[in-house]
1. If I ask for residues that are free of Cβ contacts under 8 Å to residues at least 24 places away in the same chain, within 21 Å of residue 214 (Cα to Cα) and part of a loop (DSSP other than H, G, I, E, B), which ones from the stretch 239-280 would you list?
2. If you take the residues in the stretch 47-63 that are part of a loop (DSSP other than H, G, I, E, B) and either touching a strand residue (DSSP E or B) at 6+ places or on another chain (Cβ under 7 Å) or at pLDDT 95 or above (or both), which one is nearest to residue 155 (Cα to Cα)?
3. Are there any pairs with C-beta distances below 7 angstrom linking a residue in the stretch 46-67 that is without any contact (Cβ under 8 Å) to a residue 24 or more places away in the chain to a residue that is aromatic (Phe, Trp, Tyr) and surrounded by 15 or more Cβ atoms within 10 Å (Cβ to Cβ), with the two at least 6 apart or on different chains, and if so which?
4. Return the residue satisfying two criteria in turn: it lies in the stretch 203-246 and is among the polar types (S, T, N, Q) and at pLDDT below 90, and of such residues it is surrounded by the fewest Cβ atoms within 10 Å (Cβ to Cβ).
5. For the stretch 81-98, how many residues are assigned to a loop (DSSP other than H, G, I, E, B) and small (Gly, Ala, Ser)?
6. Name the single residue, out of those in the stretch 127-138 being at pLDDT 95 or above and out of contact with any Ser or Thr (no Cβ under 9 Å at 6 or more places or on another chain), that is surrounded by the most Cβ atoms within 10 Å (Cβ to Cβ).
7. May I ask you to list the residues in the stretch 205-230 that are closer than 19 Å to residue 278 by Cβ, aliphatic (A, V, I, L, M) and part of a helix (DSSP H, G or I)?
Amino acid sequence: MLIHHFDFLITLLILLSFNLTCNTASPLNKITSSSAFFIFGDSSVDPGNNNYINTIQKIGANYEPYGQNGFFQEPTGRFSDGRVVVDYIAEYANLPIIPPFLLPSAEFTHGANFASGGAGILSETNRGVVIDLKTQLKNFEEVQKTLRENLGDEKTNELISEAVYFFSIGSNDYMGGYLGNPVMQQNYLPEEYVGMVIGNLTNAIQVLYEKGGRKFGFISLPPLGCLPALRALNTKDNEDGCFQDACALGLAHNNALSAVLTSLEHIFKGFKYCNSNFYNWLNNIIQNPSLFGMFTISLDLLYLRVVNYTSAVLTYALYIHTVTTLIRRF
């Protein structure tokens, strides 16, 4: 952990209460220990699925220095020094840790985690070395089939309709999928590419809705251009050093997703969601570090601390508050 001050965490939680959007058209029941939790995403929520991908090139985290905070006995494949955000969500909801889908002999009555480090919404993103969102949805179908075999149709339908479906994915589509891919940049204008990514994410939401899903949670993209790897691509002499083209892509994605969720609320009966504003929250810390007890002069070090260490209190405070509100509303 980078910061251990309790009052600092409380300050963050208060701040974050202004950075969450949920539809509240109808009362929502609080998730309980009998509910299920299904997770789709990238390295921010991967619990170790990439350990089981049989490819020559791997994006993994089942080795040191990952997993060194003592919660697990050894690195598990989580891109963290211990747990990832969805582990904390499960704990808050009195659920067991949600297992990776690919874990042999895993039991899914409380949900499944399909996330894969490096994955994108588009199948083209890191193709062949990750589990893309389309495949994650197919894996959900396998879990649904298993549940029907074990629980029967009635109980499975109830579990599916009461479950929470959580998405933390999209950064890789823009970082490597577009900015790191000259062919994509030649074929698509930025706004066209964003539309394609959001279109595929919308399709994924619709697939889950048609299968019975009603409660959804989303983590929006951060200011991508402020990540150290993308700051290195910045050739312009601007004050904060961030690669503004990348930041613009992240912001456009978030705005488009917000608009889509608002529309789905009116189109899909019973559709409920929460969506965080990760972009503004993290950008506020980057621009005003002293307000949060951070006085690091080096911007590179600050960004590394805030963005790259997913176990840091800063990142967890955002996620935990987001899903706490999500769970309480659901």
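1. 269 - this is the single residue of the stretch 239-280 that is free of Cβ contacts under 8 Å to residues at least 24 places away in the same chain, within 21 Å of residue 214 (Cα to Cα) and part of a loop (DSSP other than H, G, I, E, B).
2. Within the stretch 47-63, the subset part of a loop (DSSP other than H, G, I, E, B) is 47-48, 53-63.
Subsequent filtering for residues that are either touching a strand residue (DSSP E or B) at 6+ places or on another chain (Cβ under 7 Å) or at pLDDT 95 or above (or both) retains 47-48.
Working: 47: 27, 48: 28 Å.
Across the stretch 47-63, the extreme among qualifying residues is 47.
3. Close Cβ pairs (under 7 Å, with a partner that is aromatic (Phe, Trp, Tyr) and surrounded by 15 or more Cβ atoms within 10 Å (Cβ to Cβ)) amount to 66/79.
4. Here the answer is 235.
5. Applying the first criterion (assigned to a loop (DSSP other than H, G, I, E, B)) to the stretch 81-98 yields 81-84, 93-98.
Of the ones still in play, those that are also small (Gly, Ala, Ser) are 82, 93.
The total comes to 2.
6. Checked the stretch 127-138; the qualifying residue surrounded by the most Cβ atoms within 10 Å (Cβ to Cβ) is 137.
7. Residues of the stretch 205-230 that are closer than 19 Å to residue 278 by Cβ, as a first pass: 205, 216-230.
Restricting the remaining residues to those that are aliphatic (A, V, I, L, M) gives 205, 219, 221, 224, 227, 229-230.
Matches in the stretch 205-230: 205, 224, 229, 230.
Residue-wise test of (1) farther than 16 Å from residue 43 by Cα; (2) among the small types (Gly, Ala, Ser); (3) assigned to a loop (DSSP other than H, G, I, E, B); (4) within 20 Å of the chain's Cα centre (by Cα).
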| residue | (1), (2), (3), (4) |
| --- | --- |
| 65 | no, no, yes, no |
| 79 | no, no, yes, yes |
| 107 | yes, no, yes, no |
| 122 | no, no, yes, yes |
| 126 | no, no, yes, yes |
| 140 | yes, no, no, yes |
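The values are calculated or read from the model by the stated rules, or taken from the named source; none is laboratory data. The structure presented is a predicted model; accordingly, all values stated were derived computationally and were not measured. Here the Cβ is made from the backbone with ideal geometry for all residues, glycine too, and neighbour counts use every protein chain on show.
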